[in-house]
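Visitor: Encoded as structure tokens, here's the structure I'll be asking about.
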Amino acid sequence: MKKVYFISGLGADKRAFSMLDLSFCEPVFIDWVKPHKKESLKQYALRLRQLIPDEHPTVVGVSFGGMLAAEMAKADSCMNVIIIASNKSAAEFPFYLRTGKYLPLYKWLPNKLIKNVPLVSRVLGLKDYEQKKLLAQILADIDPDFLKWAIEAILAWKEKEVPGNIKHIHGTKDKLLPCRYVKADFIIDGGTHLISINKPKEISTLLKDLIQ
């Protein structure tokens with residue numbers, strides 16, 4: 001059975017993939033490592049790549065994990081990369097996220113706000129009780145320092161090159177990274193930013209087709 005490496009979204013872990021049917025592969029979930037001070041998104045991505053022993057791996061990245069996977073794909077053309085609810089380059093950010101570089105309000109966000117389940121659920125488009133319950137578990141374990149470093153790294157990301165070894169899956173109801181700003185290969189109707197939780201059947205089927 002083929003090994004497939006999964007990188008979760010910002011501050012999340014393998015629970016972000018817990019609603020997917022990954023029985024068609026041998027999933028390997030990449031754990032976060034502590035970022036170095038002022039480490040760039042690219043530098044961090046290349047450090048994570050060292051945790052993947054395969055020479056020609058298939059990597060699936062969600063949200064922030066997709067951005068990291070895109071940097072890996074750029075550095076290694078032998079990789080097969082699939083990104084979900086993410087963007088392939090800084091050019092696919094909506095304009096209001098780009099302004100965050102110049103108005104870094106995230107640096108003063110209180111931890112209680114970061115872990116506010118109703119607020120985050122609204123931003124990420126979750127309505128189902130079980131989905132919110134899972135989100136609450138993930139938020140409870142988020143490292144605020146890692147989260148703030150990652151936001152800073154994302155906002156400083158200037159990459160514009162899009163490698164050819166990436167497939168992009170996106171949802172039409174993504175509020176954080178709206179679908180109209182990205183050039184996705186596969187569009188999931190009704191998919192939110194947490195599309196692996198919000199549309200698990202559709203994502204599972206599509207991943208199986210793309211990987212097998």
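Visitor: Report, by residue number, each residue of the stretch 4-29 that is modelled with pLDDT of 95 or more and either over 15 Å from residue 200 (Cβ atoms) or not aromatic (Phe, Trp, Tyr) (or both).
Guide: 4, 5, 7, 20, 21, 22, 23, 25, 26, 27, 28, 29
Visitor: Right, here's the next one. Please report, ordered by residue number, the helices (runs of 4 or more DSSP H) entirely within the stretch 115-212 with at least 2 residues that are at pLDDT 95 or above.
Guide: Numbers: elements: 117-124, 129-140, 144-155, 195-198, 200-211.
Of the helices (runs of 4 or more DSSP H) lying wholly inside the stretch 115-212, those with at least 2 residues that are at pLDDT 95 or above span 200-211.
Visitor: Within the stretch 34-76, track down each residue that is among the hydroxyl-bearing types (Ser, Thr, Tyr) and within 17 Å of residue 152 (Cα to Cα).
Guide: Of all residues in the stretch 34-76, those among the hydroxyl-bearing types (Ser, Thr, Tyr) come to 40, 44, 58, 63.
40, 44, 63 - these are the residues of the stretch 34-76 that are among the hydroxyl-bearing types (Ser, Thr, Tyr) and within 17 Å of residue 152 (Cα to Cα).
Visitor: Right, next: Among all residue pairs at least 6 apart or on different chains, which show Cβ distances below 6 Å where the first residue, located in the stretch 2-13, is touching a residue at least 12 places away in the same chain (Cβ under 8 Å) and among the basic types (Lys, Arg) and the second is in a strand (DSSP E or B) and surrounded by fewer than 18 Cβ atoms within 10 Å (Cβ to Cβ)?
Guide: That search, which allows pairs on different chains as well, returns 3/26; 3/28.
Visitor: While we're on this one: What are the residues in the stretch 71-87 that are in a strand (DSSP E or B) and crowded, with 19+ Cβ neighbours inside 10 Å, if any?
Guide: Filtering the stretch 71-87 for residues in a strand (DSSP E or B) gives 80-84.
Within the stretch 71-87, 81, 82, 83, 84 meet the criteria.
Residue-by-condition table, conditions (1) part of a strand (DSSP E or B); (2) more than 24 Å from residue 208 (Cα to Cα):
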position: 28; (1), (2): yes, no
position: 37; (1), (2): no, yes
position: 44; (1), (2): no, yes
position: 47; (1), (2): no, yes
position: 53; (1), (2): no, no
position: 60; (1), (2): yes, no
position: 66; (1), (2): no, no
position: 69; (1), (2): no, no
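The values are calculated or read from the model by the stated rules, or taken from the named source; none is laboratory data. Keep in mind the model is a prediction, meaning the values are calculated, not measured. All Cβ positions, glycine included, derive from the backbone under ideal geometry; neighbour counts span all protein chains shown.
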